[in-house]
Structures are given as structure tokens and as C-alpha cells.
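Structure first, then comments.
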Amino acid sequence: MRPEKRSREVELLEISDEIYRSYFAFKDIEERQPFPGGRTGRFALFAIYSEGELTVPDLAYRKAVSRQRMQQVVDLLMQEGLLEKKDNPRHRKSVLFQLSPSGRRMAGRLLNQEKRFFRTKIPWVGQRKIAICLEVIRELRMELEKDRAL
């Protein structure tokens, strides 16, 4: 007996479910690895590492948390010596944050740790599959974010 062909919509629902379940699996792993500011602090460190510099509103939007919560986390990362303030030429009141030298070292260590994690967890997944998966998930996120309030 041939398996019934599933519709595109059903498969997209399955992708949504897998993303949701993966989120909670990653959340569990991250929570077992203490970091200043918790998962939000880790997110902020990586976001600034990849972008170079960001404002608190930029970080809050990307993480979907309040500006106040992100400000608390950024303040903690500043106290830990992982971030530095920088004047924002586009906006006088909203300063930019960049990684300090110790923040860059910390981000580099964490990035290497995560690379090792993925190398050992799913070594059989090739670059082509990863690129296709990333493209589809990114397109889905961008479409969903069109309706998200800024």
C-alpha cells in the first residue's frame, strides 16, 4: 500500500511543530549552562558578536522581549565586563553596545562550543540540506514578522 501524499500545508504545519519542539529542546540545553543574564544574555552576546554593534531596542525586538528586560540584561553584561557602550551617530539617546575584548573572547569560546555540539549531534546532515532548511525557515520567519508590531 502506497503512503498517502501529504499536502504542502500539512508539511508546513509539521515544520512549525518541529521548530517549536526544537526551541524547547535548545532552551533546556541552554538553561543547564549558566550564563550572565541567562538565555537572553547569551542571545545578546551572540547577536552583538554577529552584528558588531546593536542598541537595546534592536536586541529587544530580535529576542521578542521588552526593552526594559533587555536593558536589565545589557546592564548585567556591562557589569560583567562583556559589553561596552558606544555613541550612536544615528540617535543621541539610544547608545550602541559592542563587545569588550573579554566579551569577544567569551563569544568566541561559546561559538566554538556550539560548533562542537552540532558537529557531534548531527554529523550526517550535509551543507546542502542545511542551506535549504535555513532558507525555508528564514523565509517563514520573515513572512511571519511582516505582521509583527515594531
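Just a few scattered comments:
- Hey, residue 79 under 30 Å from residue 22 (Cα atoms) and not hydrophobic (A, V, I, L, M, F, W, C) or not: no
- Candidate set from region 45-64 (those that are over 10 Å from residue 99 (Cβ atoms) and aliphatic (A, V, I, L, M)); member that is surrounded by the fewest Cβ atoms within 10 Å (Cβ to Cβ): 64
- For first residues located in region 130-149 and at pLDDT 90 or above, partners that are of a type outside the set (Gly, Ala, Ser) and lie 6+ apart or on another chain with Cβ distances below 7 Å form the pairs 137/19.
- Within this structure, residue 66 passes the test of being modelled with pLDDT of 90 or more, small (Gly, Ala, Ser) and over 15 Å from residue 42 (Cα atoms).
- The listed residues are 116, 104, and the only one of them that is more than 22 Å from residue 27 (Cβ to Cβ), of a type in the set (Lys, Arg), more than 16 Å from the chain's Cα centre (by Cα) and surrounded by fewer than 16 Cβ atoms within 10 Å (Cβ to Cβ) turns out to be 104.
- Residue ID - surrounded by the most Cβ atoms within 10 Å (Cβ to Cβ), chosen from residues in region 72-91 that are of a type outside the set (Asp, Glu) and over 15 Å from residue 53 (Cα atoms): 73
- For region 33-44, the candidate set comprises residues that are within 10 Å of the chain's Cα centre (by Cα) and not polar (S, T, N, Q); within that set, the residue that is surrounded by the fewest Cβ atoms within 10 Å (Cβ to Cβ) is 39.
The values are calculated or read from the model by the stated rules, or taken from the named source; none is laboratory data. Please read these numbers as outputs of a predicted model, since none were measured by experiment. Here Cβ is always computed from backbone atoms with ideal geometry, including for glycine, and neighbour counts include all displayed protein chains.
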